[in-house]
Amino acid sequence: MSLLARIRPDLAAFAPYASARRSGFEARIRLDANESPWSGDADASGLNRYPSPQPEELRARLAALYGVDPSRLWLGRGSDEAIDLLLRAFCRAGRDNVVAPAPTFGMYRIGAQLQGAEYRTLALRGEDDFALDDEALLALTDADTKLVILCSPNNPTGTLYHGERLAGLAARLAGRALLLVDEAYIEFAGVASACALIDRHPNVAVLRTLSKVHALAGARIGVLIAAAEIVDLVARIAAPYPLPTLSVRAALAALDDDAVARTDRRVDVLLAERARVAQALERMADVRRVWPSSGNFLLVRFADAGAAFARALGAGILLRDVSRQPGLEHCLRITVGAPDENDALLAALAGSAA
Ligand code: PMP
């Protein structure tokens, strides 16, 4: 059964907004979109015109980078937007539910709540290195489960869930729920993307982003990779022009061959720094645990997370306090920075000046 049978029935015949750029016509003089005929004073490069709903050049470049057909890609305002639109497309408010492990990235819960969908979590334990019991996760699903969301590497724990299990979960959810694999941090994990599963398991969808490894968090570009029918569905319900022209230009510049080679070298630096910072933290008296991480961050338990947070802040360094999340008592999430930033952090936490 196609997963389209599981979308909100009221969206089955949903007609998208017929924006000017969707008409398919090209012409020398364009008087179809109520744009200004003049460029702004500060820019002569066409910002007076609406962008393409899905800029073809960027879509093709990303498809090549991710090794998938362009028809499988939908580009949006960060992967946050794709999460939101998938929840909207599938979940009937007040009836359907979404299943995910916890702790994980907070926007899944927010998106589900906004859509009126129940958000069910499987609590993972730091004592077990946040190991995931697939059967326990599946046991939370029922006839009204529309999405199972797996963040891998997981934010904020750094745990990697890729491997054989993804195909197994997809098979068990076939025809009833989407298995959404959020790969925001996969470039730091050294494993193959779940994209390759989509051919055999069309209920798998993958999220990628330019916000992390490609250093474009400010451009707000995220990518949904899914079966073409799911991509078409998301494109139908999305806002007409999700990608600003300036962001598209920045992305194309960040994805040329030289830039990608530079990004790869930076990943090497970051992975070496991740290991160095983890080792140094493990030696500190007030550090209780540093979990293995496949992301560009470390989850660290301190004897007193509040004190560690304050010591870092006193040295001008902001960490992420995740200690109020269930199971993460006294934990901070620490992004791996540039070598000098990491030196400053280690000095601050050790109590000396950098
Ligand atoms: N997924 C995960 C796991 C994240 O950590 C984040 C950002 N913190 C996002 C998605 C959202 O990224 P984007 O900038 O692409 O919206």
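The numbered conditions (1) part of a helix (DSSP H, G or I); (2) more than 17 Å from the chain's Cα centre (by Cα); (3) crowded, with 19+ Cβ neighbours inside 10 Å; (4) more than 14 Å from the ligand (Cβ to nearest atom) are all true for VAL300 except (1).
Evaluating ALA13 against the criteria (1) more than 16 Å from the ligand (Cβ to nearest atom); (2) part of a helix (DSSP H, G or I) leaves one unmet condition, (2). Screening ASP142, ASP134 for residues that are under 22 Å from ILE230 (Cα atoms), more than 16 Å from the ligand (Cβ to nearest atom) and open to solvent by 10 Å² or more (accessible area, probe 1.4 Å) leaves exactly one candidate, ASP142.
Per the conditions (1) farther than 30 Å from SER23 by Cα; (2) open to solvent by 40 Å² or more (accessible area, probe 1.4 Å); (3) part of a helix (DSSP H, G or I), the sole criterion not satisfied by LEU281 is (2). When the test is whether a residue is open to solvent by 60 Å² or more (accessible area, probe 1.4 Å) and either under 23 Å from GLY222 (Cβ atoms) or part of a loop (DSSP other than H, G, I, E, B) (or both), ASP32 passes it. Does region 110-122 include one or more residues that are within 13 Å of the ligand (Cβ to nearest atom), buried (at least 19 other Cβ atoms within 10 Å of the Cβ), free of Cβ contacts under 8 Å to residues at least 60 places away in the same chain and not assigned by TED's automatic domain parsing to the domain that holds PHE297? Yes, there is a match, as at least one residue in region 110-122 is within 13 Å of the ligand (Cβ to nearest atom), buried (at least 19 other Cβ atoms within 10 Å of the Cβ), free of Cβ contacts under 8 Å to residues at least 60 places away in the same chain and not assigned by TED's automatic domain parsing to the domain that holds PHE297. With respect to ILE83, determine if the residue is among the β-branched types (Val, Ile, Thr) and within 15 Å of ALA205 (Cβ to Cβ). Yes.
Remark: ALA136 matches the filter, which requires a residue to be small (Gly, Ala, Ser), outside the structural domain of ALA278 (by TED's automatic domain parsing), touching a strand residue (DSSP E or B) at 6+ places or on another chain (Cβ under 8 Å) and free of Cβ contacts under 8 Å to residues at least 40 places away in the same chain.
The values are calculated or read from the model by the stated rules, or taken from the named source; none is laboratory data. None of these values were measured; they are calculated from a predicted model. Quick reminder, even Gly has a Cβ in these numbers, built from the backbone with ideal geometry, and neighbours come from all protein chains shown. For the accessible areas, the whole protein counts, side chains as well, though only heavy atoms, and no ligand, DNA or RNA atoms are used. Shrake-Rupley method; radii C 1.70, N 1.55, O 1.52, S 1.80 Å.
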